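Below is one structure, written out as structure tokens; the observations come after it.
The values are calculated or read from the model by the stated rules, or taken from the named source; none is laboratory data. What you see is a predicted model; the values in this text were computed from it and never measured. When we count neighbours, we look across all protein chains shown, and the Cβ atoms used for this are built from the backbone with ideal geometry, even at glycine. Note: accessible area is taken over every heavy atom of the protein model, side chains too, but ligands, DNA and RNA are not part of it. Shrake-Rupley method; radii C 1.70, N 1.55, O 1.52, S 1.80 Å.
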Amino acid sequence: MASALISSVISLSATVASFFGCGSSQEEPNPKPKEIREELERLNRMLRQIHAVLQDAEEREICDRSVRLWLSELRGIAYAAEYVLDEYHYEARRALIQQCNLTLAGEISQRGTKRKSEDELPSSSSSVLVGKVSIPDGMADKIKSITERLEEISKARCDLQLRECDGERRVIGSEKQPPTTSHVDEITFGREHEKDELIQLLISETDAQFVVIPIVGMAGVGKTALAQLIYIDQRVKSHFNHRTWISVCSDFDALRITKAIVESITNKPCGFIEFSMIQKHLGQKLIGQSLLVVLDDVWNEKQSLWQLFKSSLRSAKSVKIITTCRSTLVAKIMQTMSPYHLSCLSKGQCWMLFKHYAFGNANPDNCRNLVEIAHKLVKKCDRLPLAVKALGALLKHEKDEQRWQAVLESDIWELDEEKTGILPALRLSYHHLPLHLRPCFCYISMHPKGTAFKKDKMVRQWMAQGCIQPHSRKTLEDIGSEFFDELQCRSLIEPAGINQFKVHDLVHDLATSILQGADLVMLYHEQFGITHLPDLVVPTSYCAVRMLLNFWFDRSFHYYSLTTSLRVLECSTDMSELPDIVGTLKHLRYLCIAGPNLIGLPESICHLYNLQTLDLKRSSSLLELPREIGNLTDLRFFRLHSKKLKYLPESICWLQNLHTLDLNKCCQLCELPGGIKKLRNLRSLRIFHCFIRRLPYGIGMLSNLYRIEANLVVEIDDRNKGLEELKKLNNLGGTLCLYGIQIVSNVEELKVADLRCKANLRKLELIWRNVITKDLRIDKGHLHVNLKSSTLQRSYTDKEIQKAHLESLQPHTNLVKLGIDGYTGSSFPSWLSDPLSLPNLTSITLKSCITEGNLLSAFGDLPCLNIIELISCANLQKIQTVPKNVEHLEMSKCYFHGIWILPQSKLQRLNITYCIELSSIHVADCGLEFLNTIILVGCSKLKFITVPDNLRQLLINDCGCHEIWINVTTKSKLEDLCIMLCKELYLINLLSGELSCLNRLSVMGCHKLQNLPIIPSKLKMLDISSINCQEILIPPRCELQDVRISHCMELASISGLHELTSIRQLSLVSCPLLQITMDMLGSKPDKFEIYNFPVLDPQLEVTGPNNQGIAASNKLVLSGDCEFYLSDTEIVKLSGRICGLTFATLDSEGDRTEIPLINSMSCQIVKVNLPWLVSLEICNCNKVVMLSGLSKLIHLKFLLLVECRQLHYWTDRHLPVPLVSMVIISCDMLNSIPPLDKHLRSLEELEIWKCSKLKTIQGLHNVTSLKKLKIIDCSEVYISLAERLQARLEFGTVKNCPRMIVWCSLNKVYYSKIG
């Protein structure tokens, strides 16, 4: 280790020796409390020095295992010191609260003033309080033990013979990836769509001279490979005069990059040394030229370096730059357009990539024992191309099944890094993290792999574990939110749904590998709360459980010795009250309790003085809170959703540090405590769906309150001063909805609200009607305020009064969205069109507004306005002017006859719905290059539409006219035309031109339509449904790939179908006059569906991909009365009507492809030869009596039998070996299933429901891979007690199977008598 690190430790050891007399032979047997407090102060200073040493070590490259173990010991001492200091902090907090309670009691007895605020309370370090802090027993011994351990590891430094050359400080970039080139020498799979999109961006014409397109994604996702594909594409080569590829890596050297561009253009070395000369030389070469530069693997976060490089390219005619990077922070410095975020490959593409590297040109069928493991390996890689490629290459030409199994069962960090390169590539992202982000990142790995989490919840857990330190004036929550966003920007956290996030499995492995040896233990729940805490082996005396997730809490909780250091606890319980032992977890910071039966909390919970988060969201039966809940003075987040809670204790107002109070859905809570105004740090108050109706008195004193979610009444008379309270909330953010404005007679009353001072307000809705409670939604950050008067209410409809109303409600300039409902003033006030008043407004919604003049003209000067929505505006006659910056115009239920869109508009999308008087739409012939989508719904009188040349999509839905005239020109770029549910339409007329660029034509639900528009030759998809057409004409040389025709009762012929050479999917459904024969088809579609056809060629034979017939098909839908055969082996004997039989194969990319057989059709025999059958589903087949031959399906993974109520016999002696899931539901007469033998090494799921005649399940002890077991309502089933379950279940339950109760008890499987 380097000298700096060694000297830090030596200094630390000497300091400790002097602090606690390590070198002294005299020891004081019973130190006095004052001496212990002094030692605690010294211990705190020593802890800061330890952290400095560990931080220094974090910056160094330490490879020696003994040194790393030595550092782990030092880290253990840090945990121990934190534990001791935290224990004293707890006692100090307890003494402070006890003193405050005594003071309060004295004040009450003397009828004195109310309780002092925390600002007036003595601190734990004051001379008044310090003598009252009790010293816990054994604290002196703990301090002494820490000192002795530190002295021991100091001596170990000498034993390890640490040298100054050990552990050199890591230089960012020293662990960089090998340089990349533009040469593509490998086969790629997928990315065709992404490549075409980016190439289109590169070669499209633009006025910008300098364009930068960042490709952003996590390590190994294929950014470089995609850039290589783009770089060598012929379209790109022909578009640019010069192209340059530069591998940047960590060192963004503007001189080196500029010099490389010069050498690439001139094809000779650049002899200049000075940067200015290189710039000048490059500038001369680029005059009038177009240049493409690819900057691969960029890490630069300094704007100055980028600007320095950018200045070298100013003389070029056009410069397009593609950059690849892992961080959006890096991309923002360079980008001129939004980053292109690259996601992982599909499962099928990953399978093809793995096959290429692992099997090469060999047929995987020759190694069937490895194919199953191969699929699991691909799943292990979680669709990351780098990992798929690495594991495939690692196992190339390897035939030993045990070797493959070993790789599958190994953690990613256990594999050879030099051979795979997976972890080094990922580790670069970690080494580029700032030090303050590293603990937060590593903490995420403490959660189970694949688990989604919420941002605010993760931040609160970071706080609980001490991962976030205070900084400047920001709150811990704000700092944590910034940390989270930065990790997401660096592609280490990714979205996983609405308000949900996750980390990629291999990123999780990276964090886990970094935490190897760390003394921070987390336990996650076992199934049904059977948590094996006694089995935990604690590696050191300083290691303790600091986090328990989803823990099952009951009265048998006997693991206190392992939870004394617990900081995070998420628990569930079915008890009505928690035991008092909860209150002894003095280090707890985060407590989440899910107890639907919980009616009360123990008073001991009020002793958790360090608690920061108390979450009772899923405790809906709680009747009351402990009286002394206010003792939790460190509490920052409190959430309670109880349907039975009627009041809150007054002590809740003592929580001076509370930031969030969430009482949503406490539907019986009528009021907040009177002292709520004391919560000066409160930022979020959520009381939606409570019975609280009045704005709490004094709430205006909560100056930090940022968000209120509530539906409240404010009285506007002088006595209640309701709007005065609203006026004081200048920090209010989110959305404010103000109802009942029409009752206000005195405009000065509205001015009291002072909306102009609310800088954080982002959305404002002003409504001239009373609130309708049932229509309100519980939206995040929405405050609904309904104005009322204690006197007789009257609505003021005078136009000038309403204009004065709106004039007085001018918002702050930061407002982003504005909604106005029910306004009938003479005109809009001046601030609504003033660009200085609303410079940031992006969206306006007008509902039921009636004003004089053109509604839209008032907003023409707002610079950022891009969305206008008009709803039920009745006085419109014609829309002529659209504000120049508006991109999206939506009109619904408005009364106007026509719309004229003039040139020079930036309109991109026009939506018109249920405007029943609209008859025509006219647009200018030019100047509308941005308009790409028009959607028309429910316009019953619409007859004429002018289609601008640049329009890409036109949707006409539910328009009741008899004929539609669509005016297009020969330059039309329309790609998607959809006409649907126009039930009266019988004629579609195209004027002036043809749809030569049309890719998709959909006509559906137009029952009277007798003709179709002429199908253009470049059409790719034709979707026709429920029309009255007798013939469909497909032109010669048509490029159709997807044809779907259904429910056309008069359709008798499809001319030209046999000439299609590029068709991939053909679906024909319920066309009774159409005769299906093999002569209809030219090329063979990948997917061929025939559904509900009474006229079918009886000789139709369907075969698999290696035989004739529909040779390329991997999906077929047939149905009928038939016997079914597979691979010349009878597997299912069906008599009568079959319904719901589903098959599946692996398609060309390895994905599962289903082949369902449904409903009814006359067909005698269907022979199917599909050797890759993966999934078999037999549903609702009430005449099926016997199953046989399933054991010969050598690739079957999924088996589902549902409601085959006459199925008696299953004659197979064993199940298919690859089987992963078997589910049997409502097969009432089935009495046995094949035994589960030891060859079923992949079976993970077994479910049997409502099989009342089933007698036994044999061989369950042989299945070691089982993860999910469900046996429900099988009253006769019995499993031998000798068959002990060997699998470790993730989920197991048995219900209403009385003969299995003993077996469940012996095998620890949950049993319930309730169905």
Report the paramagnetic label zone for Cys978: residues of the stretch 933-957 whose backbone N is under 15 Å from a point 7 Å from Cα along the Cα-to-Cβ axis. 933-938, 952-957
In whole percent, what relative contact order does the stretch 313-467 give with Cα contacts below 8 Å and a gap of six or more residues? 18 percent
Förster radius 30 Å - calculated FRET efficiency between Asn704 and Ile935 (Cβ-Cβ, nearest 0.05): 0.10
Charged-residue dipole, Cβ positions (Lys, Arg, Asp, Glu), the stretch 1209-1315 about Cα centre, Debye nearest 20: 280 debye
Which one of Pro434, Gln465, Thr451 has its Cα pushed farthest toward the positive end of the charge dipole of the stretch 418-470, where Lys and Arg give +1 and Asp and Glu give -1 at the Cβ? Thr451
Under 10 °C and 1.306 mPa s, how fast does the stretch 908-1036 diffuse according to Stokes-Einstein, given a Kirkwood radius computed over C-alpha pairs? Answer in µm²/s, whole number. 108 µm²/s
I'd like the FRET efficiency for Cys997 and Ile203, computed as 1/(1 + (r/R0)^6) with the beta carbon distance as r and R0 of 25 Å, rounded to 0.05. 0.90
Where the centre of each part is set by its Cα atoms, how far does the stretch 1012-1036 sit from the stretch 1179-1207, in angstrom? 40 Å
Within the accessible area of the stretch 381-478 (1.4 Å probe), percent carbon and sulfur: 48 percent
For a quick check: with amide H placed at 1.01 Å from N, whose amide H comes under 5 Å from Ile979's, ignoring anything fewer than 5 positions away on the same chain? Ile956, Ser1002, Val1003, Met1004
Would you mind calculating the gained length between His1058 and Asp834 on full extension (0.36 nm times residue separation, minus the Cα-Cα distance), in nm to one decimal? 74.3 nm
Under the 0.36 nm per residue contour assumption, what length would be gained going from the current alpha-carbon distance of His51 and Lys1253 to full extension? 426.0 nm
With charges only on Cβ, +1 for K and R and -1 for D and E, what is the dipole size of the stretch 547-664 about its Cα centre, in debye, rounded to 20? 240 debye
Mean Cβ neighbour count within 10 Å, used as a protection proxy, ranking 628-637, 84-93 highest first: 628-637, 84-93
The Kirkwood hydrodynamic radius of the stretch 340-395, taken as the inverse of the mean 1/r over all distinct Cα pairs, in Å, comes to 11.3 Å
Measuring from a point 7 Å past the Cα of Leu1033 along Cα-to-C-beta, which residues in the stretch 965-985 have an amide N at less than 19 Å? 966
When only alpha-carbon atoms are used, what values of Rg and Dmax, in angstrom, describe the stretch 927-977? 11.1, 32
Going through Lys34/Lys142; Lys644/Lys780; Lys728/Lys847; Lys1255/Lys1295; Lys847/Lys884; Lys678/Lys803 one by one, the pairs whose alpha carbons sit over 27 Å apart turn out to be Lys728/Lys847; Lys678/Lys803
Taking a crude spin-label model, label points 7 Å out from Cα along the C-beta direction, the Glu748 to Ser1188 distance in nm is 9.8 nm
Accessible area in square angstrom per residue, the stretch 564-637, 1.4 angstrom probe: 29 Å²
According to a simple spin-label model (label point 7 Å from Cα along Cα-to-Cβ), what is the distance in nm between Ser315 and Val1302? 9.5 nm
Report relative contact order for the stretch 210-309 in percent, whole number only (criteria: Cα-Cα under 8 Å, sequence separation at least 6). 37 percent
Among Leu723, Leu695, Ile708, which residue has its Cα positioned farthest towards the positive end of the charge dipole of the stretch 663-744, with +1 placed on the Cβ of Lys and Arg, -1 on the Cβ of Asp and Glu, and the dipole taken about the Cα centre? Ile708
How much of Arg909 can a 1.4 Å solvent probe reach, expressed as accessible area in Å² and rounded to 10? 80 Å²
What translational diffusion coefficient, to the nearest whole µm²/s, does the stretch 308-411 have by Stokes-Einstein, given a Kirkwood radius computed over alpha-carbon pairs, a temperature of 37 °C and 0.692 mPa s viscosity? 198 µm²/s
For the stretch 644-748: accessible area per residue (Å², 1.4 Å): 39 Å²
With every protein chain kept in the model, how would you rank Arg473, Arg149, Arg191, Arg75 by accessible area, 1.4 Å probe, largest at the top? Arg473, Arg75, Arg149, Arg191
If you take the charge dipole of the stretch 1196-1272 about its Cα centre, with +1 on Lys and Arg Cβ and -1 on Asp and Glu Cβ, which of Met1222, Ser1242, Val1202 is farthest toward its positive end? Ser1242
Counting alpha carbon pairs within less than 8 Å and at least 6 residues apart, what relative contact order, in whole percent, applies to the stretch 579-686? 21 percent
Return the FRET efficiency for the residue pair Cys757, Cys667: r is the Cβ-Cβ distance, R0 is 51 Å, and the value is rounded to the nearest 0.05. 0.90
At a temperature of 10 °C and a viscosity of 1.306 mPa s, determine how fast the stretch 234-369 diffuses translationally according to Stokes-Einstein, using the Kirkwood radius over alpha-carbon pairs as Rh; express D in µm²/s, rounded to the nearest whole number. 91 µm²/s
Treating only the Cα positions of the stretch 1182-1233 as identical point scatterers, give the base-10 log of I(q)/I(0) from the Debye formula at each q in 0.25 Å⁻¹. -1.01
Length added when fully stretched, Lys268-Lys646, from 0.36 nm per residue minus Cα-Cα: 127.8 nm
Probe 1.4 Å, accessible area per residue of the stretch 183-308, Å²: 47 Å²
Based on alpha-carbon centroids, what's the gap between the stretch 925-992 and the stretch 357-375 in Å, whole number please? 52 Å
Whole-angstrom gap from the stretch 571-647 to the stretch 661-733, using each part's C-alpha centre: 23 Å
